[in-house]
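As structure tokens, the structure follows; a few thoughts come after it.
The values are calculated or read from the model by the stated rules, or taken from the named source; none is laboratory data. Just so it is clear, the model here is predicted, and its values are computed rather than measured. Cβ sites come from the backbone with ideal geometry, for glycine too, and all protein chains shown count toward neighbours.
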């Protein structure tokens, strides 16, 4: 029988920042102890990642320990309930972020080549939603990363995710892109092109879109508006309706992120 390290022994804080090393901050031990902790943490991450994907109706799991190990630019925030399981603790939510190289269109159809911090998966267990856990987890990430909500690109936000951002951060709406990502209109006021306009002008819209599709971690492309790129209201994505937990990431938000998953409803993916 596999031996697992209790969550409270692995994760000392209520919200822990995990990187590709899969070694919790503050942990000290010999090679064997490190291996045991990494294996226990991997199982915890994989279990939450599977729950997030199921809640969003995704065809593949977005967050796994192996994927995090192979993505040095990604960061995973884990939320725990220290009182659960008789004081052993239990992981109840996750929020994965990372920088992506994207081509995004603003409301004037001007393309911008940027590398924003992206919300890639956001999930709070269904039985723990509507208690402010999603807001607490998201606030912690914003503080740690030194960004504001309107500076983020969200992978496949659901209607619930949009509600979450509107209610908690004043982001009234999102501009959906052809690559499954979405950003607030205010995003472009603070973002800088990573390449000059002259170089961008050499790319056709088709090539920009193709490049973008390859960057999304989700399997379902975002639906294009019926009239104009941003004109019509978009129906919630298949995953969007669940902000992870049949109702959305956070029922409070009924949100999504995680893209065609709640994608941040798709989780919080309560993208």
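The table that follows gives values for the structure above.
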| read-out | value |
| --- | --- |
| Selection count where residues are at pLDDT 95 or above, surrounded by fewer than 17 Cβ atoms within 10 Å (Cβ to Cβ), under 18 Å from residue 181 (Cα atoms) and in contact with a helix residue (DSSP H, G or I) (Cβ under 9 Å, 6 or more places away or on another chain), scope segment 109-141 | 0 |
| Unmet criterion (only one of (1) assigned to a strand (DSSP E or B); (2) surrounded by fewer than 21 Cβ atoms within 10 Å (Cβ to Cβ); (3) touching a helix residue (DSSP H, G or I) at 6+ places or on another chain (Cβ under 7 Å)) for residue 16 | (3) |
| Residues of segment 31-59 classified as part of a loop (DSSP other than H, G, I, E, B) and either buried (at least 17 other Cβ atoms within 10 Å of the Cβ) or touching a helix residue (DSSP H, G or I) at 6+ places or on another chain (Cβ under 7 Å) (or both), total | 2 |
| Test: residue in segment 92-108 that is out of contact with any strand residue (DSSP E or B) (no Cβ under 9 Å at 6 or more places or on another chain), assigned to a loop (DSSP other than H, G, I, E, B), more than 21 Å from residue 25 (Cβ to Cβ) and at pLDDT below 95 | yes |
| Checking residue 154 against (1) crowded, with 17+ Cβ neighbours inside 10 Å; (2) at pLDDT below 95; (3) not in a loop (DSSP other than H, G, I, E, B), the condition it does not meet | (2) |
